[in-house]
Amino acid sequence: MKYLIAALLCAATLPAFAEGDVNAGAQKAASCMACHGAEGNSAVPLYPNLAGQHAPYLLHSLQAYKKGERSGGQAEVMKAFVAGLSDQDMEDLSAYYSSLKP
């Protein structure tokens with residue numbers, strides 16, 4: 001029973017992660033395109049594909065970069081890119097990239 005309650009609570013919080021605006025995210029994605037590709041599919045293996053990723057995952061990742069909770073790889077580069085993003089910007093970008101086909 002406690003697992004069912006935990007699952008329901010987690011499911012109830014998912015809409016809070018998916019409040020981004022796809023069109024606004026498309027407008028904000030210009031600086032992302034250099035590494036992650038014009039449609040979220042990178043041509044360089046060093047940079048991950050963002051297209052089709054789940055919005056909550058992308059949002060969590062952006063927030064973690066901004067807070068400095070991610071390290072290694074391109075973490076410092078990403079931290080610089082997300083430093084000026086608002087919560088709404090991150091939600092919009094997450095919605096945009098999750099809407100694209102991998």
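Here is the size of segment 59-102 from its Cα atoms: Rg then Dmax, 10.7, 29 Å. Computed over segment 18-99, the convex hull of the alpha-carbon atoms projects to a mean area of 4.6 nm².
Coordinate-derived values only; no laboratory data. Since we're looking at a predicted model, the values are computed, not measured.
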